[in-house]
Amino acid sequence: MHHFKYNNGSLACENVSLETIAAEQGTPTYVYSGATILNNYRNLDSALSELDHEVAYAVKANSNLSILQLLAKEGAGFDIVSAGELYRVIKAGGDPKKCTFAGVGKTREEIEFALQHEIYSFNVESLEELSFINDIAGELNKVAQVAIRVNPNVDAKTHKYISTGKSENKFGVDFEFIEDAYKNAHTNFKNIKLHGLQMHIGSQLTDVKPFVEAVEKVAPIAQKLKDLYNIEFFSIGGGIGIVYDPALESGDQAWWDSQSEDERPLTAELYAQKVTPVLKKLGLKILVEPGRYIAGNAGVLLTKCLYEKKGNAKTFKVVDAGMNDLIRPALYEGFHEIHALNEDLEKDAINADVVGPICETGDFFCQNRDVANLQAGDHYALFSAGAYGFVMASNYNTRGLPTEILVTGDDYKVIRKRQLWDDILEAELEGLS
């Protein structure tokens with residue numbers, strides 16, 4: 001659940017009016033709730049209390065330094081997929097020794113940087129990568145701690161672009177080859193320490209069954225690797241989904257009761273309840289790597305209505321945010337609830353497309369949906385935009401990146417300034433003749 005609700009007719013993030021933020025900071029603007037981020041982290045951390053565990057936040061979901069700092073102060077670890085993300089964690093005050101480095105294409109420079117900062121583990125995706133890391137570690141007179149990622153060939157039943165645990169995906173070592181991979185590494189790579197085992201089956205899973213299936217399938221391998229090579233941890237990945245939910249009232253029990261079991265959010269409590277019995281028997285440290293679960297419902301994107309355009313077939317609400325600001329609807333057919341900042345405007349709905357200014361037909365946030373009938377100058381909030389929102393934004397059409405705001409209780413602060421045209425062109429200007 002989240003901390004966005006109407007307060008005296010005005011949509012608020014915690015105790016701050018979003019209309020105030022829009023008026024003072026302009027739009028498009030991302031707004032994040034610090035309380036929601038911390039609550040989500042603490043809920044998952046608490047739910048897993050029966051296990052020796054660590055919650056390692058997936059930096060790729062939302063990598064703003066202030067968000068990382070918030071979580072670092074809570075004691076979170078970090079799941080990174082580039083040296084740039086490791087650099088961010090360090091700048092935010094995070095501990096590199098609590099970082100796991102995933103990804104199928106790590107470069108020499110990235111591996112050297114991670115070794116120099118003594119990260120907790122590389123999550124290795126292939127024997128070729130393992131050999132590469134071993135060679136670099138040898139050159140630096142270091143030992144690289146690694147976990148090989150196993151692909152359990154479990155169908156996560158999520159969008160094809162964010163499914164990672166099937167044999168046709170590019171990630172990990174096939175399940176039937178994983179034991180040989182560890183034997184090979186133990187025998188041939190002297191600058192490698194086999195530190196753990198890792199898996200991740202995909203993102204935005206709202207059913208606990210695929211998690212349980214994967215854990216039950218891989219746990220015996222983890223036990224065998226512990227016995228043979230004394231590995232210390234088993235990372236079960238991330239992927240806990242959120243419901244891009246229509247309930248504005250945080251903790252709305254009536255809304256919860258009205259949903260079918262399949263539509264209810266996959267809670268931390270249910271997730272932990274189902275996976276803990278299998279994992280507890282291993283006696284290994286368990287890593288979980290959530291991103292969207294922590295940040296997704298903690299953010300909204302504010303946008304202003306520019307015009308209403310009526311055609312024979314449709315009505316369009318043209319807004320000042322575009323697919324360069326939030327690409328999920330165009331890329332993943334992602335659904336985001338859209339609400340007016342002024343509650344009174346919610347009473348007057350119209351069937352319309354909410355579209356942006358980008359010169360692409362795919363530049364829309366919803367199609368054929370009943371939305372508040374805003375007029376020029378009114379504002380919408382696009383919900384559940386805290387993960388894979390700003391981090392996937394671009395300068396397409398030479399549009400500046402949005403402002404980012406962090407709300408804490410009664411106050412807000414700018415945690416990233418709006419990008420201006422000169423900021424966009426800065427790296428190019430020296431090339432002019």
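Structure data summary
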| quantity | calculated |
| --- | --- |
| 30 Å Cα-Cα threshold exceeded, pairs from Lys142/Lys281; Lys73/Lys285; Lys280/Lys413; Lys98/Lys281; Lys209/Lys285; Lys5/Lys280 | Lys142/Lys281; Lys280/Lys413; Lys5/Lys280 |
| Cβ-based net charge around Leu287, under 13 Å, with every Lys or Arg adding one and every Asp or Glu removing one | -3 |
| Highest-first arrangement of 418-426, 77-85, where packing means the average Cβ count within 10 Å | 77-85, 418-426 |
| Counted charge near Leu65, where neighbours are those whose Cβ lies closer than 13 Å (Asp, Glu -1; Lys, Arg +1) | +4 |
| All aspartates and glutamates inside 20 Å of Lys91 as judged from Cα atoms, apart from same-chain residues fewer than 8 positions distant | Glu74, Asp79, Glu109, Glu110, Glu112, Glu118, Glu404 |
| For the chain: relative contact order, % (alpha-carbon pairs under 8 angstrom, 6 or more apart) | 20 |
| Dipole magnitude of the chain, debye to nearest 20 (Cβ charges: Lys/Arg +1, Asp/Glu -1, about Cα centre) | 760 |
| Eligible lysines near Lys310 by straight Cα distance, threshold 26 Å, same-chain separation 8 or greater | Lys347 |
| Counted charge near Ala22, where neighbours are those whose Cβ lies closer than 12 Å (Asp, Glu -1; Lys, Arg +1) | -3 |
| Cut-off under 5 Å, modelled amide H: who pairs with Cys366 long-range | Val354 |
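Bear in mind these aren't lab numbers, they're just calculated from the coordinates by the rules spelled out. Small disclaimer: the values here were computed from a predicted structure and weren't measured. Cβ sites come from the backbone with ideal geometry, for glycine too, and all protein chains shown count toward neighbours.
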